[in-house]
Protein chains: 2
Amino acid sequence: MAFTPRTPRVVAARRLQRRRDRDATGRFLAEGPQAVREALARPGVVTELFGTPTALDRHPELAAAAAHADVPVSEVTDDGLAALAETVAPQGLVAVCRHLDVSLEQALSGAPRLVAVLAEIRDPGNAGTVLRTADAAGAGAVIFAGDAVDPYNGKCVRASAGSLFHVDVVRAPDPVTVVDALRAAGLSIFATTGYGDSDLDDMTDYGRLVGPTAWLFGSEAHGLPEELTAAADARVRVPLYGRAESLNLAAAAAVCLYASARAQR
Amino acid sequence: MAFTPRTPRVVAARRLQRRRDRDATGRFLAEGPQAVREALARPGVVTELFGTPTALDRHPELAAAAAHADVPVSEVTDDGLAALAETVAPQGLVAVCRHLDVSLEQALSGAPRLVAVLAEIRDPGNAGTVLRTADAAGAGAVIFAGDAVDPYNGKCVRASAGSLFHVDVVRAPDPVTVVDALRAAGLSIFATTGYGDSDLDDMTDYGRLVGPTAWLFGSEAHGLPEELTAAADARVRVPLYGRAESLNLAAAAAVCLYASARAQR
């Protein structure tokens, strides 16, 4: 019989919509077939899969992959699914996943040539979008530093469009320690700020983007903390060719990360 | 005496939150000091300014600019302002503005070297963000083509962060006519699509971004209409260096527009 919103396992999983319960259990929710597929591709991440009968019929390969990995698959009613999902059209599938962030040391042991640091970024949609863009640009690690949003926030997971499962995600409470560790690992540290004294085009022309690089991004509202812009090797502004006063975070991050990706080809 | 939500002029202005009334009157609302400042910088655009006494005190230069332009300035109560504003924290100012889009011919008469075409993009936040990014990259015109969002939608105006008042905005119902006109004006037409056969880095390396260029962007959900990708001079994909399946619209547009801006320096 299909689980309902009152079935204890559904009630327990639903609690993972709250950060407190994610932190306490080390679990989070990923919804929709794309996210579930990416999560199942990482061994040991998915601990339970909920799906409506219709969705499980439509995606037999996902149900099979779950079964093959000894992940329990539970049918839920439409109401049960709606209770687990945060979006209006979740396409019938929600997976309970283990947190998969790694330590900073572990991420750096892979010698990533491109790293994005989200410093004190609170908006989950912005954070997830930059995570997705960093993955697209070939970044090996994305670091949620300081008082940043929980990477397992549902909106962040959805905005990442699967990239949460592709790159090494790190959570580091102290951003300055992060900068020290990145520098010790041989990366150049570039802080993005509208008031930077280095122009991104000049940095490209002078070959400064060719080596391993970590980009520091701050929140749209507050920018980067002063101590971080001071600690960086350069303070970089994206050139404004027109009359806009600034770019939004997602656009600025895309331009910087792709400038690095192109320079590192 | 300050206007309230029931004052007829406030009631009339509030109706501009609806597209039907914007279309019928040729007016729209811009809220917050930044947008009001940019709107006032364009002669003849603002027809009325509403502000709380606190906000008008805080921005005496805006009240003075309005008075200097013979724009009526009306004090509103906090409730009156809340009725006019669509955001929770509108910072006390809302301007009624005249539509300012120009014809395609007029926009092309300025011989823009960079143009962004938003084809059938329905999401106002995405459209406004691309408008802002296009302005930052130095685009001379942004064309809302086909069944695209109303550029005067409040969310689009806010996401544009003032750029709606900086560049030539065009509304054109038929995207194919737009492509023909752009080509006749000497611009290369590049359609962005994840399935494009031309790589953006190759286009850059081969010098194809140096001349006047129009970029066609489609919606995240549906991409570009087939007839538009077929009509373009090249179908361009942003390279994916990592494992992400795609970029979101704002990020892809930023990478393409800035590749052009850099090539055209």
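Rule-based calculations on the coordinates, nothing more; no lab input. Nothing here was measured: the structure is a model prediction, and the numbers come from that model. Counting neighbours? That spans all protein chains shown, and the Cβs are built from the backbone with ideal geometry, glycine included.
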*Which percent, to the nearest 5, of DSSP beta bridges fully inside region A:8-98 are antiparallel?*
75
*Fewest first, what order do A:Arg27, A:Arg183, A:Arg6 take by the number of other Cβ atoms within 10 Å?*
A:Arg6, A:Arg183, A:Arg27
*Rounded to the nearest 5, what is the percent of antiparallel bridges among the DSSP beta bridges in the protein assembly as shown?*
30
_Pairwise FRET efficiency - B:His68 versus A:Glu86, Cβ, R0 = 41 Å, nearest 0.05_ = 0.25
*asked:* Below 8 Å, C-alpha to C-alpha, sequence gap of six or more: please give me the relative contact order for chain A in percent.
replied: 18
*Can you tell me the order of B:196-208, B:144-156 when each peptide is scored by its average per-residue count of other Cβ atoms within 10 angstrom, highest first?*
B:144-156, B:196-208
*Consider all pairwise Cα distances in chain A and report the whole-number % of them above 22 Å.*
56
*Give me the number: length gained by fully extending A:Gln106 to A:Leu240, i.e. 0.36 nm times residue separation minus the C-alpha to C-alpha distance, one decimal in nm.*
44.5 nm
*asked:* Only four residue types carry charge here, +1 at the Cβ of Lys and Arg and -1 at the Cβ of Asp and Glu. Report the dipole size of chain B about the Cα centre in Debye, rounded to the nearest 20.
replied: 500
*asked:* Using a 7 Å offset from the Cα along the Cα-to-Cβ direction at both A:Arg98 and B:Thr25, what is the distance between the two label points in nm, to one decimal?
replied: 6.0
*Would you work out which of B:Tyr206, B:Val130, B:Gly223 lies farthest towards the positive end of the dipole of region B:120-227, given +1 charges on the beta-carbon of Lys and Arg and -1 on that of Asp and Glu, about the Cα centre?*
B:Val130
*Please average, across the residues of B:38-46, the number of beta carbons from any other chain that are within 10 Å of each residue's own beta carbon, and give a whole number.*
0
_In Hz, Karplus ³J(HN,Hα) per residue of region B:49-64 (6.51, -1.76, 1.60; θ = phi - 60°; x = Gly, Pro)_ = 10, 10, x, 6, x, 4, 5, 5, 5, 6, 10, x, 5, 6, 4, 5
*Note the distances from A:Pro53 to each other copy's matching label point, with points 7 Å along the Cα-to-beta-carbon direction, in nm, sorted shortest first.*
6.6
*Would you mind giving the mean number of other chain beta-carbons within 10 Å of the Cβ of each residue in A:252-263, as a whole number?*
6
*Net charge dipole size for the protein assembly as shown [Lys, Arg +1 and Asp, Glu -1 on Cβ; Debye, nearest 20]*: 580
_Two-site FRET efficiency, B:Val11 against B:Asp174, from Cβ-Cβ distance with R₀ of 56 Å, rounded to 0.05_ = 0.95
*Give the Rg/Rh ratio for region A:181-255, taking Rg as the radius of gyration of the Cα atoms and Rh as the Kirkwood radius, to two decimals.*
0.95
*When the convex hull of the C-alpha atoms of region A:121-265 is computed, what volume per residue in Å³ does it have?*
104
*Place the label 7 angstrom along Cα→C-beta at B:Val102 and in each other copy, then list the distances from the first to the rest in nm, shortest first.*
5.3
*Hull shadow area, averaged, region A:8-98 [alpha-carbon convex hull, nm²]*: 5.2
*Considering only the label points, 7 Å along Cα→Cβ from Cα, what distances in nm to one decimal separate B:Ala263 from the same position in each other copy, shortest first?*
2.0
*What does the average come to when, for each residue of peptide A:155-166, you count the partner chain Cβ atoms lying within 10 Å of its Cβ?*
2
*So how tilted is helix B:175-184 from the main axis of chain B? Cα-based, degrees 0 to 90, rounded to 10.*
70
*Over all directions, what mean area does the Cα convex hull of the protein assembly as shown project, stated in square nanometres?*
26.4
*Have a look at the DSSP beta bridges in region B:45-179 and tell me what percent are antiparallel, nearest 5.*
25
